[in-house]
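Contents: one structure, followed by commentary.
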Amino acid sequence: MIINGKEIAQIIQLELAEKTKDLVAKTGVKPGLALLLVGDNSASQVYVRSKAKACEKVGLHSIIVTLPEHTSEKDVLEVIAAWNKDTTIHGILVQLPLPKHINETNVIMAIHPDKDVDGFHPINVGKLVTGIGGFVPCTPAGIVELLVRSSIKTSGKHVVVVGRSNIVGKPIANLLYQKSTRGNAVVTICHTGADDLRHYTKQADILIAAIGVAHRITADDIKPGAVIIDVGINRVIDESSEKGYSIVGDVDYDSVLPYVSAITPVPGGVGPMTIAMLLSNTFTAAQNYANVYRE
Ligand code: GUN
């Protein structure tokens, strides 16, 4: 089975469009997402634009603020402080990575946890770890949604996560071992620091590759019949492409395909789900705001 993330993301967006119409009609609150891009990372520019475009499709309000590379941390924090107070903005996203002179933690901590639709604030991380709700980072939330909507059971299975980032590795592991119908897996986290990475990946019923190295996982690294979730988005030189590059995953798709029971392609797998979950989190933030506001 090839898991079609694009199609599943579209279904979620249709569902969200309906729910948004309903929220606006009942409460007058239109969900709003503010996106901040600092610097001129071309991949980040593409991501931010596609996030705003998706908002428009679903009926959410969005704004993009782009600041130059040399912007001070203080100026970034001021933009966030203004959005924290702005009642038309329910979600705030600062695109990462930030320029080196800006402290990422300070920026993440400045976002009000109720507007932290990325789920990166320690308050939301703490809620995830303790299993008491809060905003879940979009890529891991998207992976769980892909598994659920593809009827892939996680309960009792051995999930091996390759990668330990705050954006993907840590949160997806935390989601999948929780005692819940969408979790209940046995989870191993490994990473590029492992002496023998293959020793772990070969044991996975479900392998989640979030390494950031093109084609790192090959047929020799997996157990036959495994489910493969490829989180990688790597630019590789491709002279046959108009842009001069193409996007490939962390998994060598052609090599593993004959041996897997299910796999997410790149592009068209996890990527579109990240955006769908961002919209979903923004909707939830607005709904939470509407509930408080109406009480
Ligand atoms: N950079 C790569 N992935 C993400 C993400 O999910 N959120 C933000 N804010 N930046 C990112």
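Structure notes:
- Scanning region 262-274 for residues that are among the hydrophobic types (A, V, I, L, M, F, W, C) and surrounded by fewer than 24 Cβ atoms within 10 Å (Cβ to Cβ) yields ALA262, ILE263, VAL266.
- Among the residues making up region 81-103, those that are surrounded by fewer than 16 Cβ atoms within 10 Å (Cβ to Cβ) and not basic (Lys, Arg) are ALA81, ALA82, ASN84, ASP86, THR87, THR88, PRO97, HIS101, ASN103.
- Among the candidates VAL46, VAL125, residue that is touching a residue at least 24 places away in the same chain (Cβ under 8 Å) and under 23 Å from MET273 (Cα atoms): VAL125
- Selection of region 151-171 for residues being of a type in the set (Ser, Thr, Tyr) and surrounded by 16 or more Cβ atoms within 10 Å (Cβ to Cβ) yields THR154, SER165.
- If the condition is being modelled with pLDDT of 95 or more, in contact with a Gly (Cβ under 9 Å, 6 or more places away or on another chain) and surrounded by fewer than 15 Cβ atoms within 10 Å (Cβ to Cβ), then region 187-226 contributes only VAL213.
- Of the residues VAL94, VAL161, VAL168, the single one that is under 16 Å from ILE206 (Cα atoms) and within 12 Å of the ligand (Cβ to nearest atom) is VAL168.
- Of all the criteria given as (1) in contact with a Gly (Cβ under 8 Å, 6 or more places away or on another chain); (2) in contact (Cβ under 8 Å) with a residue 60 or more places away in the chain, the one not satisfied by TYR289 is (1).
- With respect to (1) in contact (Cβ under 8 Å) with a residue 24 or more places away in the chain; (2) on the phi < 0 side of the Ramachandran plot; (3) of a type outside the set (Phe, Trp, Tyr), the lone exception for GLY212 is condition (2).
- If you filter region 239-277 down to residues that are within 16 Å of the chain's Cα centre (by Cα) and of a type in the set (S, T, N, Q), you find that the one that is farthest from VAL58 (Cα to Cα) is THR264.
- Matching option when the condition is away from the ligand (no atom under 16 Å from the Cβ), closer than 16 Å to THR139 by Cβ and of a type in the set (Gly, Ala, Ser), among GLY268, GLY232, GLY249: GLY268
- Any hit, region 254-266, residues being of a type in the set (S, T, N, Q), within 24 Å of SER50 (Cβ to Cβ) and in a loop (DSSP other than H, G, I, E, B): yes
- Exactly one residue out of LYS85, LYS115, LYS153 is within 14 Å of the ligand (Cβ to nearest atom) and of a type in the set (Lys, Arg), and it is LYS115.
- Scan region 31-56 for residues that are surrounded by 15 or more Cβ atoms within 10 Å (Cβ to Cβ) and basic (Lys, Arg) and the total you get is 1.
- Taking first residues from region 101-118 that are under 13 Å from ASN84 (Cβ atoms) and partners that are among the charged types (D, E, K, R) and surrounded by fewer than 20 Cβ atoms within 10 Å (Cβ to Cβ), the Cβ contacts under 8 Å between residues at least 6 apart in sequence or on separate chains come to VAL107/GLU73.
- The residue pairs whose first member lies in region 131-144 and is within 17 Å of GLY163 (Cα to Cα), whose second member is near the ligand (Cβ under 10 Å from one of its atoms) and aromatic (Phe, Trp, Tyr), and whose beta carbons are closer than 9 Å, counting only pairs six or more residues apart or on different chains, are PRO137/PHE120.
The values are calculated or read from the model by the stated rules, or taken from the named source; none is laboratory data. The shown structure was predicted, so the numbers you read here are calculated from the model rather than taken from an experiment. Here Cβ is always computed from backbone atoms with ideal geometry, including for glycine, and neighbour counts include all displayed protein chains.
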